[in-house]
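S.K.: One structure is given below, represented as structure tokens, and several questions about it will come after.
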Amino acid sequence: MSKPLILRNRAFARVWAAQICSQVAGRMFQAGTVWWVVSEVSEDLRGRSTGPFMMLATLPAVLLIPVVARTLSRYASRTVMRTAELCAAAVALVLLAWALVGDLPLLAPYPAVLLLAATQCFFDPCLTKSVPELVDREDIQHATSFELSTQSIAGLTGAVAGPFLIHLGGPAALVAACASSYLLSALLVHTAAFRAAPAPAPAPAPAPAPAPAPSAAGGSAPTGTVTAPAPAPAPVRRKLRAVLADLPFIRAVLICFAAANLFATAGAVIFPLYVRGLFGDDPTTLVLFQAAVGIGMLAGSFSGPHVPGRPATLGPICIAAIGAGSAVPGLVTDRAAIVAGLLVVGWSAGVLGVKFVTLFQHTVPAGDKPVFFAAMQALLTATFPVASLTFGFLGDGLPPRTLCLIQAAGFVPVALALLALRRREPAPAGIGSAA
């Protein structure tokens, strides 16, 4: 049995560890700040206070698509990721200094989360784009499994640490932990060895003219001019519209995932309101529920390569399972039942991510990956600001259990749309039904 990828590929292991540190810091800051806000404001303002905060956390990925795409195409992956982490650390350190000098205002995290999200929207697609620079082609699905598992680890660790850091040490403890995590991430990326990015095969050069034949006098007869081989043309950077026009199935899948995320992201707003309204001010229950999603996603990410079935077949099943699990908190208030439902939500999301991102890695041409993965992140998060504001304001007028049922119902049309796409899935190239 071969060793796990992170044990036989140190470069990938370091970048994966850097991704964990980066996403843990981001999730920790969001979860901790939301819990701080709902603990400080009056009950009738909790939804409209947390909704805009989560909207700011997702806005940069939508607004910065062209900048991210150009940056990923122009600069080395190591440079982009290291710079993003150092900028994020600087933001956290400013907040830390502010908190140490005096009380941190309740509004201070709002611009900070916008800046942190801006750094993350460079780091995440750059890491996805760099996977072929770190691993061999046959390891891409397993690398994708590790990469997507980071969301679970980050969600689990950040959801646990954020509220408890606020509960035990206040905002200063939270931003100190975030700054340390970002700095460690930058160091890990700096020490990782990246390969040269794979380039498209060059067009065949014209054959050189035959060498002149020697003359009777021992010289050379000028029978023709020798032409040097023409240099291979530089790969053309295509616009996003042209890239997606060549990938109709993937374009349709991305639209479905964007619609699903309209309801999936609502959990970041719904969970704190649900727990605070039904279970009181102890963050333990919130941590338990968010940890269930994280553990489920972790299991799904690592088991994803071994789950049989092509992406278009598994997609509708996983989306339907996410909807069913999301409905449990709206139907019952039993902690054990809710945890079981959220484990299903997380596992299904983990499997879904591994299968489809692996499909994207094998289907999208290498030269199109910078703009594609920047656009993928932006498209998948384009609905986040709308969801955060909508469910935030609804949270001040509707019971939390009703919000859960609305969230669950939103996955039904997405599952049906993915089911309708099954026959349009391209033949697998380099991926099988299971790893």
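The values are calculated or read from the model by the stated rules, or taken from the named source; none is laboratory data. These figures come from a predicted structure and were not determined experimentally. Positions of Cβ are generated from backbone atoms using ideal geometry, with glycine treated the same way; all protein chains shown enter the neighbour counts. Accessible surface areas use protein heavy atoms only, side chains included; no ligands, DNA or RNA. Shrake-Rupley method; radii C 1.70, N 1.55, O 1.52, S 1.80 Å.
S.K.: Hey, Leu59 hits all of (1) touching a Lys or Arg at 6+ places or on another chain (Cβ under 9 Å); (2) open to solvent by 40 Å² or more (accessible area, probe 1.4 Å) but one; which does it fall short on?
M.R.: (1)
S.K.: Further question on the same structure: Can you go through Ala97, Ala112, Ala90 and tell me which one is open to solvent by less than 20 Å² (accessible area, probe 1.4 Å), out of contact with any Asp or Glu (no Cβ under 9 Å at 6 or more places or on another chain) and aliphatic (A, V, I, L, M)?
M.R.: Ala112
S.K.: Another question, if that's okay. Could you list, in sequence order, all residues of the range 382-435 that are of a type outside the set (A, V, I, L, M), modelled with pLDDT under 90, under 18 Å from Leu273 (Cβ atoms) and assigned to a loop (DSSP other than H, G, I, E, B)?
M.R.: Result: Gly395, Asp396, Gly397, Pro399.
S.K.: Can we say Arg14 is of a type in the set (D, E, K, R), touching a residue at least 24 places away in the same chain (Cβ under 8 Å) and open to solvent by 40 Å² or more (accessible area, probe 1.4 Å)?
M.R.: Considered against the rule, which asks whether it is of a type in the set (D, E, K, R), touching a residue at least 24 places away in the same chain (Cβ under 8 Å) and open to solvent by 40 Å² or more (accessible area, probe 1.4 Å), Arg14 comes out as yes.
S.K.: Taking the residues in the range 356-367 that are open to solvent by less than 10 Å² (accessible area, probe 1.4 Å) and part of a helix (DSSP H, G or I) as candidates, determine which candidate is nearest to Ala320 (Cα to Cα).
M.R.: Only one residue fits best here, namely Phe356.
S.K.: Of the residues that make up the range 67-82, is at least one modelled with pLDDT of 90 or more and closer than 16 Å to Cys178 by Cα?
M.R.: Checked the range 67-82: at least one residue is modelled with pLDDT of 90 or more and closer than 16 Å to Cys178 by Cα.
S.K.: Residues that are modelled with pLDDT of 85 or more, buried (at least 16 other Cβ atoms within 10 Å of the Cβ) and part of a helix (DSSP H, G or I): does the range 374-381 have at least one?
M.R.: No, every residue in the range 374-381 fails to be modelled with pLDDT of 85 or more, buried (at least 16 other Cβ atoms within 10 Å of the Cβ) and part of a helix (DSSP H, G or I).
S.K.: So in the range 127-178, with the set limited to residues that are open to solvent by 30 Å² or more (accessible area, probe 1.4 Å) and under 13 Å from the mean Cα position of the chain (by Cα), which one is modelled with the highest pLDDT?
M.R.: Going through the qualifying residues, I end up with Ile153.
S.K.: So for the range 396-414 (the condition being open to solvent by 10 Å² or more (accessible area, probe 1.4 Å) and either out of contact with any helix residue (DSSP H, G or I) (no Cβ under 9 Å at 6 or more places or on another chain) or within 23 Å of Thr150 (Cα to Cα) (or both)), does at least one residue qualify?
M.R.: Within the range 396-414, not a single residue is open to solvent by 10 Å² or more (accessible area, probe 1.4 Å) and either out of contact with any helix residue (DSSP H, G or I) (no Cβ under 9 Å at 6 or more places or on another chain) or within 23 Å of Thr150 (Cα to Cα) (or both).
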